[in-house]
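The structure appears right after this line, and notes come after that.
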Amino acid sequence: MKKKMVWLFSAAVMMAGMLFATPSTTKADEDVKIADGIYIGTVYVGGMTEEEANAAISEYVDNLMSTTFTLKGVDGTSVDATAQEMGITADASDSVAAALEVTHTGNLITRYKDSVDLKTTDRVLPISLEVDKQATAMFIYNHHDALSKDAIDATLKKSGDEFTYVAGTDGEQVKEVESVYAINEFLGTEYDGTNTEIQLVTEVVEARGTEEELSVVKDLLGTYTTTYGNNSGSSREHNVENGASFVNGTVVYPGEEYFTHQNLEPITEENGYEMGGTYLNGAIVDSVGGGICQVSTTLYNAAIRAELEITQRFNHSMTVTYVEPSADAAMAGDYKDLRFINNTDYPIYLEVTTDGTYITANIYGCETRPEGRKVDYESVIVSEGEETYETKLDDTQDLGYYNIDQYAHIAITAQLWKVVTVDGKEESRELFNTSTYKASPKIATIGTKGATAEQLALINNAIATNDEEQVLAAIDQALALSAAQEEEKKATDQGTDKKKNNNGNTDSTDTTTDTTTDTTTGTTTDTTTDTTTSTSAEE
């Protein structure tokens, strides 16, 4: 009896092991297939081996690369980004492993239940989609302006000597880092293969400047005036006036850096600019916006008298006439700019006005410097070269034609010294900047059309001296030769006619036309605009 009970107990234990134990797979792992009715994300993997499932996931990700997601910003703004641009990747290894276990592992009851459930309900296992954080953050950063709304800071409107407060409006901007995590959260929990709109994370940006903060702007901190209406050309004068209008009325807040070029751009005809003279490779050429360097130069001189912190300033490649050497500030593209920081504790107001003759820059703020303290600047030429002269012969222009194509600029090294006086007594004198200017020759074109060998020899011999006075004298001599030759020819013709009449051959009236050579003197006006390097014109 006791032996029978032991046998029954052993059998029961064996049966329990069959029901609850996890048996090893009788086939090789690569032969195990995922049960029907199982998805990983939107990819159906039922009946696949592990290798086939991983291949299906890879194919899904490859096809996903062309999918376009709409990244939504502020006030209905959006940009489209493909999965490839965001560097989306998928990690489905855990899900494939989990899919293989369904109906193949676990106790008998669990496997049986899974099999029954899959006959009526599909099972969806997650697929881990994730963007490349750095690539996506950079993509959003590059489209920041299109997705955000800038705050409009409070400003001032000046009428006469009075300032009126103009309230600003708050803005809203996209937060790049937080938005990357929001995209990953969407891909992991919400993306079903069809919904592709993703709301980015934004934050409110408050407008700067209260009425109280701006009410202190009333003191003139620095001022400077230059002459631009000096026959430099109507287009250049227009550009000075147009550029001044873009700077005028700007408020710069404490600690803020001001970029002059940003306020003047785009330098295009659509933005009101015209073709004007600029320096390029030692010559004066026309380019859109020629003349706006005078705006930056005038503003520079006001800024240094307000003792603002200059963070970027370039002198021109050649000297200009509207300020002394070392007192200029060139503009060229977006790499030569005038930049300064409002290093005061209060907002400042930039006023730049024109009247057809003068351009004036005024900088207003809250004066905190001691009364009786005055700041001025002195230009000192350290070294200078000699003027050079070049000529070009043009056989399409009549003999006597002389046109100045370009006026000379001499090579100069100059210094600008900051001089501070208190109650009329000099307190300090310090070197503020050193500027080096290149030389360019005076270039003239000489007409040689109709010139004889003798006349050309006269002119070429004079050109060899590099002396303009001798060249001009040689041209006069060449013209005199032409006049003498005409007189000689006229006298010869008259003698021949007289001889014919005396011989009674032909009774004719000698009609001659006294022809003189028309000498045209051309001039060009030095626009005193500015250059850049050998590849771009200073504006």
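General remarks:
- Asn466 being surrounded by 13 or more Cβ atoms within 10 Å (Cβ to Cβ), under 13 Å from Thr391 (Cβ atoms) and out of contact with any helix residue (DSSP H, G or I) (no Cβ under 9 Å at 6 or more places or on another chain): yes
- Scope segment 99-145; condition open to solvent by less than 90 Å² (accessible area, probe 1.4 Å), under 41 Å from the mean Cα position of the chain (by Cα) and free of Cβ contacts under 8 Å to residues at least 60 places away in the same chain; matching residues: Glu130, Val131, Asp132, Lys133, Ala135, Thr136, Ala137, Phe139, His144
- Residue in segment 158-168 that is surrounded by 16 or more Cβ atoms within 10 Å (Cβ to Cβ) and in a helix (DSSP H, G or I) present: no
- Count of segment 416-447 residues which are more than 30 Å from the chain's Cα centre (by Cα), open to solvent by 20 Å² or more (accessible area, probe 1.4 Å), closer than 28 Å to Gly277 by Cα and not aliphatic (A, V, I, L, M): 2
- Sole exception among (1) at pLDDT below 95; (2) open to solvent by 60 Å² or more (accessible area, probe 1.4 Å) for Lys218, by number: (1)
- Condition met for Ala167 (modelled with pLDDT of 95 or more, under 30 Å from Leu220 (Cβ atoms) and not acidic (Asp, Glu)): yes
- The set of residues in segment 285-298 being over 20 Å from the mean Cα position of the chain (by Cα) and surrounded by 24 or more Cβ atoms within 10 Å (Cβ to Cβ) consists of Thr298 alone.
- Checking Leu71, Leu129 one by one, the residue that is in a strand (DSSP E or B) and at pLDDT below 95 is Leu129 and no other.
- Total residues in segment 355-394 satisfying the condition of being assigned to a strand (DSSP E or B), out of contact with any Leu (no Cβ under 8 Å at 6 or more places or on another chain) and open to solvent by less than 50 Å² (accessible area, probe 1.4 Å): the figure is 6.
- Residue list for segment 328-346, filter: open to solvent by 10 Å² or more (accessible area, probe 1.4 Å) and more than 17 Å from the chain's Cα centre (by Cα): Ile341, Asn343, Thr344, Asp345, Tyr346
- Positions within segment 158-188 being farther than 30 Å from Asp132 by Cα and of a type in the set (Phe, Trp, Tyr), in sequence order: Phe163, Tyr165
Each row is one residue, and each column tells you yes or no for (1) more than 30 Å from Thr164 (Cα to Cα); (2) part of a loop (DSSP other than H, G, I, E, B).
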residue: Val204; (1), (2): no, no
residue: Arg208; (1), (2): no, yes
residue: Leu220; (1), (2): no, no
residue: Thr225; (1), (2): no, no
residue: Arg236; (1), (2): yes, no
residue: Val251; (1), (2): no, no
residue: His261; (1), (2): no, no
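- Criterion (within 27 Å of Tyr39 (Cα to Cα), open to solvent by less than 90 Å² (accessible area, probe 1.4 Å) and at pLDDT 95 or above) met by exactly one of Ala182, Ala154, Ala207: Ala182
The values are calculated or read from the model by the stated rules, or taken from the named source; none is laboratory data. Predicted, not measured: the structure shown is a model, and the values here were computed from it. Please note: Cβ atoms are built from the backbone with ideal geometry, for glycine as well, and neighbour counts cover all protein chains shown. Areas reflect the complete protein model, heavy atoms only, side chains present, ligands, DNA and RNA absent. Shrake-Rupley method; radii C 1.70, N 1.55, O 1.52, S 1.80 Å.
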